[in-house]
Amino acid sequence: MTQFAGLSKKPASGKLTQMKTIKIKIQDIKHWILTQNSLTKASDSRRSGMVASLLMLSFGVATAFGITPGLSTGGHGVTPVIEDITRTQLSGVATPGLYVQQDSVHNGDTLASLLFRMGVDDQEALSFIREDKTAKEIFRSMAPGKPIRIQKNTSGTLVSLRFPLNDKDILKITRVNDHFEASIAPATETKQLLQATGTIYSSLFAAADNAGLPDSVTRQLTHLFSTDIDFHNDLRRGDTFSVIYEADTDEFDQIKPGRIMAAEFVNKGQAYRRVFFNNADGGDYFTPEGVGIKASFLRSPIPFSRVTSGFTTERFHPILKMWRAHKGIDLAAPMGTPVEAVANATVVFAGWKNGYGNVIELRHSNGVDTVYGHLSGFVRGLRVGEHIRQGELIGYVGMTGWATGPHLHYEFKINNVQRDPQGPEVRRYLRASVNVAGHAKNQFLAATAPLIKELNAIRGTSTAQANFE
Ligand SMILES: [Zn+2]
């Protein structure tokens, strides 16, 4: 392939399959750079940073889709680094015989064993690192999992080395003619937009994993669409999602995911969209038309779970062995699953109640109380009278009280009467939107247009009706 003309290098031995992977990545990168360019043009506030980081951007994306989303590249030997391949390809100028590789410190590694694994055979370099006052700092921070990136030539001579001493500082060792120089420089992070799309075959988690979506972003996704989609009951095979989210990427391609900037979820053929708009309040989410979507109540205190027992006026109680009403819903979830407050609240009870076991009662505005039963424990320091924010962790799923297995018993009371958390009376409480103010509407549309354009581009072959609510 001509696009690999500059790629005469062969990372380590027989890494043909990985090279093949990289080929695909480069197409992704090209696509991304194109779309990113259009984003840059349209978004003044971000322009300078984005132009400056355009090249970096492509590397981060390649990593997000390719090697591993998240942290260390793990203990699987040397990973060919996409960065220099890309640079080579973009500039059309290769440095013959120069290899870039990244690996991470394994348990029991010494610097010598680490460099040996990366194919460096350079006693001179090792002696320099052992003796130089700056370079030998590396020995004090060789913790397992830390990334290291080197350049070497064909004969295994070290050309340069980069290693993070801590969160703030990077050690750089460089060969200059016939000697080495070491310096410590501040770590740099690049803010970028990453994208992911997925199709649900078994579960949202599995699809998100497949798409390389970090867990924190998947959680945001469920919160964003919780007013329209009941993630317990509504998901269907073939549902799709597309997400554009912010991330900080360091020079070792380690990614710290940030917030979602735009997302689409197609559920049962119906497409829903959200965009982030940085309004006066520090930013919020809206539909592309500027309709606010913030729910005053989360649909569920556990983002991922299934209802094993619904709200009924009578049912056969498995422990009491008698018919009685079940004035809440049971959400099955593994022991210890975090339970979140469904809305801003004050804690009115946190303790033991017969039947409920460990239970928390929260008081919200508008005469609403919510109850969380059978907990294995409370979040540390939870006190009666304390103010809790929506989505805040309050306790953990358990099976205390009358419970045959780990689950959360969840009640929603309106004026002290239990209502079906999935019923129509409660649904009204799930939506209480604040729209984009009229005077900010043009600004909103201008700021979000590039994100919408990008969503259109990445939703790919989805045939769902674009009926945006
Ligand atoms: Zn129950």
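Among the residues of the stretch 410-425, how many are closer than 19 Å to residue 225 by Cβ and crowded, with 18+ Cβ neighbours inside 10 Å?
Total meeting the criteria: 1.
Out of 385, 355, I need the residue that is away from the ligand (no atom under 13 Å from the Cβ), on the phi > 0 side of the Ramachandran plot, part of a loop (DSSP other than H, G, I, E, B) and of a type outside the set (A, V, I, L, M). Which one?
385
Kindly indicate whether residue 265 is modelled with pLDDT of 85 or more, surrounded by 21 or more Cβ atoms within 10 Å (Cβ to Cβ) and within 16 Å of the ligand (Cβ to nearest atom).
no
Do we have any residue at all in the stretch 243-254 that's free of Cβ contacts under 8 Å to residues at least 60 places away in the same chain, farther than 26 Å from residue 296 by Cβ and part of a loop (DSSP other than H, G, I, E, B)?
So far as the stretch 243-254 goes, no, none of its residues is free of Cβ contacts under 8 Å to residues at least 60 places away in the same chain, farther than 26 Å from residue 296 by Cβ and part of a loop (DSSP other than H, G, I, E, B).
All but one of (1) open to solvent by 60 Å² or more (accessible area, probe 1.4 Å); (2) within 16 Å of the ligand (Cβ to nearest atom) hold for residue 439; state the number of the condition that does not hold.
Answer for residue 439: the failing condition is (2).
Search the stretch 200-221 for residues being over 9 Å from the mean Cα position of the chain (by Cα) and crowded, with 16+ Cβ neighbours inside 10 Å, and hand back the single one that is nearest to residue 249 (Cα to Cα).
211
Is it the case that residue 431 is surrounded by 18 or more Cβ atoms within 10 Å (Cβ to Cβ), at pLDDT below 90 and basic (Lys, Arg)?
For residue 431, the condition - surrounded by 18 or more Cβ atoms within 10 Å (Cβ to Cβ), at pLDDT below 90 and basic (Lys, Arg) - is not met.
Identify, please: which residue in the stretch 167-178 is without any contact (Cβ under 8 Å) to a residue 12 or more places away in the chain and open to solvent by 50 Å² or more (accessible area, probe 1.4 Å) and is, among those, farthest from residue 251 (Cα to Cα)?
178
Within the stretch 388-406, can you find the residues that are at pLDDT below 95 and in a strand (DSSP E or B)?
388, 393
Say we look at the stretch 333-352 and pick out the residues that are over 23 Å from residue 227 (Cβ atoms) and either part of a strand (DSSP E or B) or out of contact with any Pro (no Cβ under 9 Å at 6 or more places or on another chain) (or both); which of these is farthest from the ligand (Cβ to nearest atom)?
Here the residue is 346.
Check whether at least one residue in the stretch 206-217 is among the charged types (D, E, K, R), without any contact (Cβ under 8 Å) to a residue 24 or more places away in the chain and either in contact with a helix residue (DSSP H, G or I) (Cβ under 7 Å, 6 or more places away or on another chain) or not assigned by TED's automatic domain parsing to the domain that holds residue 422 (or both), and report yes or no.
Checked the stretch 206-217: at least one residue is among the charged types (D, E, K, R), without any contact (Cβ under 8 Å) to a residue 24 or more places away in the chain and either in contact with a helix residue (DSSP H, G or I) (Cβ under 7 Å, 6 or more places away or on another chain) or not assigned by TED's automatic domain parsing to the domain that holds residue 422 (or both).
Tell me the residue from 377, 385, 367, 357 that is open to solvent by 20 Å² or more (accessible area, probe 1.4 Å), farther than 25 Å from residue 226 by Cα and not assigned by TED's automatic domain parsing to the domain that holds residue 229, please.
385
Does residue 164 satisfy the criteria of being modelled with pLDDT of 90 or more and open to solvent by 60 Å² or more (accessible area, probe 1.4 Å)?
Spelling it out, it is not the case that residue 164 is modelled with pLDDT of 90 or more and open to solvent by 60 Å² or more (accessible area, probe 1.4 Å).
Suppose we filter the stretch 115-161 for residues that are assigned to a helix (DSSP H, G or I) and either under 33 Å from the mean Cα position of the chain (by Cα) or surrounded by 19 or more Cβ atoms within 10 Å (Cβ to Cβ) (or both); how many remain?
Residues in the stretch 115-161 being assigned to a helix (DSSP H, G or I) and either under 33 Å from the mean Cα position of the chain (by Cα) or surrounded by 19 or more Cβ atoms within 10 Å (Cβ to Cβ) (or both): 11 in total.
Taking the conditions exactly as written (touching a residue at least 12 places away in the same chain (Cβ under 8 Å), within 13 Å of the ligand (Cβ to nearest atom) and either of a type in the set (S, T, N, Q) or open to solvent by less than 70 Å² (accessible area, probe 1.4 Å) (or both)), does residue 404 satisfy them or not?
Answer is yes for this residue.
Which of the residues belonging to the stretch 370-382 are free of Cβ contacts under 8 Å to residues at least 60 places away in the same chain and either in contact with a helix residue (DSSP H, G or I) (Cβ under 8 Å, 6 or more places away or on another chain) or within 16 Å of the ligand (Cβ to nearest atom) (or both)?
Those that are free of Cβ contacts under 8 Å to residues at least 60 places away in the same chain and either in contact with a helix residue (DSSP H, G or I) (Cβ under 8 Å, 6 or more places away or on another chain) or within 16 Å of the ligand (Cβ to nearest atom) (or both): 371, 373, 374, 375, 376.
Here's the yes/no breakdown for (1) farther than 19 Å from residue 445 by Cα; (2) modelled with pLDDT under 85; (3) in the same structural domain as residue 391 (by TED's automatic domain parsing); (4) away from the ligand (no atom under 16 Å from the Cβ):
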| residue | (1), (2), (3), (4) |
| --- | --- |
| 232 | yes, yes, no, no |
| 237 | yes, no, no, yes |
| 259 | yes, no, no, yes |
| 287 | no, no, no, yes |
| 301 | yes, no, no, no |
| 313 | yes, yes, yes, no |
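The values are calculated or read from the model by the stated rules, or taken from the named source; none is laboratory data. Small disclaimer: the values here were computed from a predicted structure and weren't measured. Positions of Cβ are generated from backbone atoms using ideal geometry, with glycine treated the same way; all protein chains shown enter the neighbour counts. Heavy atoms of the whole protein, side chains included, go into the accessibility calculation; ligands, DNA and RNA do not. Shrake-Rupley method; radii C 1.70, N 1.55, O 1.52, S 1.80 Å.
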